[in-house]
Amino acid sequence: MALLNVDFYSEVLGKQVQADVILPQRSRGMIGMKAIDDKVDTYPTLYLLHGMSDDHTIWGRRTSIERYASEKGIAVVMPNGDLSWYTNMKYGGNYFTFMSDELPAVMRDFFPKMSPRREDTFVAGLSMGGYGAFKLALNAPETFSCGASLSGALDFATFYDRSKPGFAEMIAGDLETEFRGSDNDLFAVAERLIKSGKPIPKLYQWCGTEDFLYNDNLRMRDHLQKLGYDLTYKESEGNHSWICWDKWIQDVLNWLPIGG
């Protein structure tokens, strides 16, 4: 595998941005690592999102994602989403447009062996990034065929009470007049998508039973199941910690429709 630190200019955000990128490598000499088959022309790509307190480096620092990706022959793009909640912010940058449109286009331009096919393009994340993964999968299903959330903050409405005064409003506007029913409201987005005739992504959801976001996850699970989504839901003993996410990102990779 190759690990690249990519700094580039975002036209959407109007600033320099960062992403760590893991790429499969054809090699016979890597001890303890699997190389991709010489016959592989393109490889699937997972966009892997960080949580609120972290940045684009965190998955590589806290887990063995490079080793796990090597076993699957998959590219992994880990972008810096700042504190945007991966949204087009009320007061801030258009991070959803950056993540859903510009970032995949730029990555495929830089790395032409990344497959352009929807069937080979996935998104996953933890906590804030779990929200971002479902937001991208549900709002941009033409791009992402699968979305996976680990300990996701999937009910953003609860963030209005948990966050510092004014912070949720900076992200998504007023709770009642701007957030409810918007593209930031995953419950509303899931309802609209199922009726839209657009492709429906497959979804994966895990949360620990001791996690402070557990009840949010139960509400989203019940909502998606009622709407008829292809949802793989899992829970286990665990809290909001890297011990859990390092374990369950491996399950996500096993769940994705890629070769091993």
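The values are calculated or read from the model by the stated rules, or taken from the named source; none is laboratory data. Remember, it's a predicted structure, so these values are computed and weren't measured experimentally. Heads up, the Cβs are rebuilt from the backbone with ideal geometry, glycines too, and the neighbour counts pull from every protein chain shown. For the accessible areas, the whole protein counts, side chains as well, though only heavy atoms, and no ligand, DNA or RNA atoms are used. Shrake-Rupley method; radii C 1.70, N 1.55, O 1.52, S 1.80 Å.
Within region 205-257, track down each residue that is surrounded by fewer than 17 Cβ atoms within 10 Å (Cβ to Cβ), among the hydrophobic types (A, V, I, L, M, F, W, C) and either modelled with pLDDT under 95 or in a loop (DSSP other than H, G, I, E, B) (or both). Hit for region 205-257 is PHE212, nothing else. Residues that are open to solvent by less than 10 Å² (accessible area, probe 1.4 Å) and aromatic (Phe, Trp, Tyr) were ranked within region 147-185; the one that is nearest to ARG221 (Cα to Cα) is PHE156.
Residues are listed down the side, and each one gets a yes or a no for (1) open to solvent by 20 Å² or more (accessible area, probe 1.4 Å); (2) on the phi < 0 side of the Ramachandran plot; (3) within 18 Å of the chain's Cα centre (by Cα); (4) at pLDDT 95 or above:
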| site | (1), (2), (3), (4) |
| --- | --- |
| ASN5 | yes, yes, no, yes |
| SER10 | no, yes, no, yes |
| LEU13 | yes, yes, no, yes |
| ALA19 | no, yes, yes, yes |
| LYS34 | yes, yes, no, no |
| GLY51 | no, yes, yes, yes |
| TRP59 | no, yes, yes, yes |
| ALA69 | no, yes, yes, yes |
| GLY73 | no, no, no, no |
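Criterion applied to PRO116, PRO141 was being open to solvent by 10 Å² or more (accessible area, probe 1.4 Å) and either closer than 28 Å to GLY228 by Cα or in a loop (DSSP other than H, G, I, E, B) (or both), and the one residue passing it is PRO116. In region 144-179, of all residues being more than 24 Å from SER236 (Cα to Cα), among the small types (Gly, Ala, Ser) and outside any helix (DSSP H, G or I), the one that is modelled with the lowest pLDDT corresponds to SER163. Considering only region 236-251, I want to know if a residue exists there that is touching a His at 6+ places or on another chain (Cβ under 9 Å) and farther than 22 Å from PRO44 by Cα. No, because not a single residue in region 236-251 is touching a His at 6+ places or on another chain (Cβ under 9 Å) and farther than 22 Å from PRO44 by Cα.
When GLY197 is tested against (1) farther than 15 Å from MET128 by Cβ; (2) part of a helix (DSSP H, G or I), just one condition goes unmet, and that condition is (2).
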